[in-house]
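Trainee: Handing you a structure now.
The values are calculated or read from the model by the stated rules, or taken from the named source; none is laboratory data. Since the model is a prediction, treat every value here as computed from it, not as a measurement. Heads up, the Cβs are rebuilt from the backbone with ideal geometry, glycines too, and the neighbour counts pull from every protein chain shown.
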Amino acid sequence: MTTGAIARDLYSLSHYPMLVGIVFFAVALEEAFLHPVDPLTGFTRWMLGVSIALYFLSQAVAMYRAYGTIMRERIIGVVIVVVLSATLPIKAELAVLVVTLVLIATMSAEYWRFRDVVRENPDLRR
């Protein structure tokens, strides 16, 4: 597979869902910050779950396409966030806190899994 084909796939197939996930997350956060003590509505919970799913899964697809690595931590984090956001009718401020903690745990697990690979390969530090 050529570098051009990989770049084409990454920028066309995984870039757009990532951008849509960012926009959906901004909408969900705006709703949560406008009504912090109210429970999240079904629409806002849906937006929160879908935004994280789109962003993380598109990154996982990009990493698989570029390096052949399956990002298990991101997939597990997506499942947890989607299940939590779909099932828990909690206050908005608590929902944002829970999602943030799950994402921090996901990124920490990913860091510990790949830290030795990145240290050994200086090209990956950029």
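Trainee: Please enumerate the residues belonging to segment 23-54 that are at pLDDT below 90 and aromatic (Phe, Trp, Tyr).
Mentor: Result: PHE33, PHE43, TRP46.
Trainee: If I filter segment 108-118 for residues that are touching a residue at least 24 places away in the same chain (Cβ under 8 Å), of a type outside the set (A, V, I, L, M) and either part of a helix (DSSP H, G or I) or within 24 Å of HIS35 (Cα to Cα) (or both), do I get at least one hit?
Mentor: Scanning segment 108-118 turns up at least one residue that is touching a residue at least 24 places away in the same chain (Cβ under 8 Å), of a type outside the set (A, V, I, L, M) and either part of a helix (DSSP H, G or I) or within 24 Å of HIS35 (Cα to Cα) (or both).
Trainee: Applying the selection to segment 59-75, what residues are surrounded by 21 or more Cβ atoms within 10 Å (Cβ to Cβ) and either more than 15 Å from the chain's Cα centre (by Cα) or not in a helix (DSSP H, G or I) (or both)? Can you show your working first?
Mentor: To start, the set of residues in segment 59-75 that are surrounded by 21 or more Cβ atoms within 10 Å (Cβ to Cβ) comprises 71, 74.
MET71, the sole residue that qualifies.
Trainee: Being assigned to a helix (DSSP H, G or I), surrounded by 13 or more Cβ atoms within 10 Å (Cβ to Cβ), out of contact with any Pro (no Cβ under 7 Å at 6 or more places or on another chain) and of a type in the set (Ser, Thr, Tyr) is the filter here; which residues of segment 1-58 pass it?
Mentor: Of everything in segment 1-58, those that are assigned to a helix (DSSP H, G or I), surrounded by 13 or more Cβ atoms within 10 Å (Cβ to Cβ), out of contact with any Pro (no Cβ under 7 Å at 6 or more places or on another chain) and of a type in the set (Ser, Thr, Tyr) turn out to be SER14, THR44, SER51, TYR55.
Trainee: Can you tell me which residue in segment 92-106 is modelled with the highest pLDDT, limited to those that are surrounded by 13 or more Cβ atoms within 10 Å (Cβ to Cβ) and closer than 19 Å to LEU57 by Cβ? I'd like the intermediate steps shown before the answer.
Mentor: Taking segment 92-106 and keeping what is surrounded by 13 or more Cβ atoms within 10 Å (Cβ to Cβ), we get 92-96, 98-99, 102-103, 105-106.
From what is left, the residues that are closer than 19 Å to LEU57 by Cβ are 99, 102-103, 105-106.
Values: VAL99: 86, VAL102: 88, LEU103: 88, ALA105: 92, THR106: 89.
Going through the qualifying residues, I end up with ALA105.
Trainee: Is it true that some residue in segment 83-102 is in a helix (DSSP H, G or I) and more than 17 Å from ALA28 (Cα to Cα)? Quick ask: steps written out before the conclusion?
Mentor: Step one: filter segment 83-102 for residues in a helix (DSSP H, G or I), giving 83-87, 92-102.
Cutting the leftovers down to more than 17 Å from ALA28 (Cα to Cα) gives us none.
For segment 83-102, residues in a helix (DSSP H, G or I) and more than 17 Å from ALA28 (Cα to Cα): absent.
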